[in-house]
Amino acid sequence: MYAQMVKSEATNDDPELLAAFQARIDAGEKIEPKDWMPEGYRKTLIRQIGQHAHSEVVGQLPEGNWITRAPTLERKAILLAKVQDEAGHGLYLYCAAETLGVSRDDLTEQLLSGRMKYSSIFNYPTLNWADIGAVGWLVDGAAIMNQVPLQRTSFGPYSRAMIRICKEESFHQRQGYDLIRVMAQGTAEQKAMAQDALNRFWYPSLMMFGPSDKDSVHSAQSMAWKIKINTNDELRQKFVDQTVPQAHYLGLTIPDEALAWNEDKGGWDFSEPDWSEFYEVLKGNGPCNTDRMEARQKAWNDGAWFRDGLMAHARKSAARRVAAE
Ligand code: FAQ
């Protein structure tokens, strides 16, 4: 089935080149930017890496919102460092996408015009300090579950970016767990806040892995090309299996009455998220879609003079160098 799909995605490509390309992928070789690649492979990577980069950048907004209101100087410093890391992740990923022949400006324009997505999770609000713990524990926890296998993705620049990102992301998950632990073990009111944050972030976190495998449009092809290493459902199951014991340790309850240990599969049975909500968020109808896009549009407009200045400086420097030769 995979071979058939590879062919249909890249009908203009020479079958011999395609077969040689697939053989390299199957042998576990990394594909580098100057290597020949099917157009479908390039397009899929630009879509996935671009969306991933946008997610890192938009993902700064729900947390950045709390930097000035962090309860202690230590928590403020940690959050500031984390948000700064997310900006860095966006940059590594935009650079990886640029090696495929798309500029960062193009990718940003596609985001702002609604032609490119970012992760659904960042369209949910962070209403109080416990939500910052839930973002680190659950959102970064889900992100890292997806990103660790991506270190082995077939495209060299993406795989190398993921190695560095995963190192930082594991610190992010731990600071979130530590924050929520302090609240869960605090006063009754703080524990209630931690439980409320878990209640609101649980299903949106499960949605981060994408639609169930039967509805996933790209998984089969992306897995044949080793752009994706696992299916959406496999990673979602791993995330649930990792997170349930953590919640139990904290004395918090996963908001799912159907949650039950399944001895046969050696994992937890759980309820699917409401997929109609997921598709509504993707269409732009989540609680914060409008705010997030307005914030990105404003940042892009406000930065125009600076980008223009940098370009003018680069042009003048180049002209001076030519004149001096
Ligand atoms: N949100 O066929 P599939 C982070 C779209 S980590 C929005 O299964 P695919 C760290 C999908 O694009 C978060 N859209 O798609 C952080 C496709 O639509 P399209 C970002 C989603 O690509 C933490 C359609 O649904 N991580 O930011 C979502 O094979 C805290 C059909 O789906 C990555 O991007 C969704 N959740 O699998 C930062 C990881 N799910 O494009 C700050 C890399 C699916 O045809 C604070 N990406 N869609 O219009 C991936 O692994 C994959 O792209 C998936 C989706 C697994 C997300």
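The single condition among (1) part of a loop (DSSP other than H, G, I, E, B); (2) in contact (Cβ under 8 Å) with a residue 12 or more places away in the chain; (3) not aromatic (Phe, Trp, Tyr) that LYS265 does not satisfy is (2). I'd like the residue in the range 195-209 that is closer than 11 Å to PRO273 by Cβ and of a type outside the set (A, V, I, L, M) and, out of all such residues, is farthest from the ligand (Cβ to nearest atom). Filtering the range 195-209 for residues that are closer than 11 Å to PRO273 by Cβ and of a type outside the set (A, V, I, L, M), the one farthest from the ligand (Cβ to nearest atom) comes out as TRP202.
Of all residues in the range 209-217, one or more are among the acidic types (Asp, Glu), within 22 Å of GLY267 (Cβ to Cβ) and surrounded by fewer than 20 Cβ atoms within 10 Å (Cβ to Cβ).
Of the numbered criteria (1) open to solvent by 40 Å² or more (accessible area, probe 1.4 Å); (2) in contact (Cβ under 8 Å) with a residue 60 or more places away in the chain; (3) not acidic (Asp, Glu), the one THR243 fails is (1).
For the range 174-194, the set of residues classified as crowded, with 21+ Cβ neighbours inside 10 Å and either in contact with a strand residue (DSSP E or B) (Cβ under 7 Å, 6 or more places away or on another chain) or among the polar types (S, T, N, Q) (or both) is empty. Close contacts from the range 303-325, counting a first residue that is of a type in the set (Lys, Arg) and a second that is open to solvent by less than 70 Å² (accessible area, probe 1.4 Å), with Cβ to Cβ under 8 Å and a gap of 6+ residues or different chains, come to none at all. Pairing residues of the range 213-227 that are free of Cβ contacts under 8 Å to residues at least 60 places away in the same chain and of a type in the set (Lys, Arg) with residues that are part of a helix (DSSP H, G or I) and more than 7 Å from the ligand (Cβ to nearest atom), at Cβ distances under 9 Å and at least 6 apart in sequence or on separate chains, gives LYS214/ASP233. Report yes if some residue within the range 253-267 is within 16 Å of the ligand (Cβ to nearest atom), open to solvent by less than 50 Å² (accessible area, probe 1.4 Å) and either closer than 22 Å to PRO62 by Cα or not aromatic (Phe, Trp, Tyr) (or both); otherwise report no. Scanning the range 253-267 turns up no residue that is within 16 Å of the ligand (Cβ to nearest atom), open to solvent by less than 50 Å² (accessible area, probe 1.4 Å) and either closer than 22 Å to PRO62 by Cα or not aromatic (Phe, Trp, Tyr) (or both). Name every residue in the range 121-139 that is open to solvent by 10 Å² or more (accessible area, probe 1.4 Å) and within 11 Å of the chain's Cα centre (by Cα), in order of residue number. Matches in the range 121-139: PHE122 only.
Taking residues in the range 127-145 that are closer than 10 Å to MET193 by Cβ, and partners anywhere that are of a type in the set (Asp, Glu) and more than 10 Å from the ligand (Cβ to nearest atom), the pairs with Cβ atoms closer than 7 Å and at least 6 places apart or on different chains are ALA130/ASP196.
The values are calculated or read from the model by the stated rules, or taken from the named source; none is laboratory data. Here the structure is a predicted model, which is why all the values come from computation and not from measurement. Because the Cβ atoms are built from the backbone with ideal geometry, glycine has one as well, and the counts that use them run over all protein chains shown. What goes into the accessible areas is simple: the full protein's heavy atoms, side chains included, and nothing from ligands, DNA or RNA. Shrake-Rupley method; radii C 1.70, N 1.55, O 1.52, S 1.80 Å.
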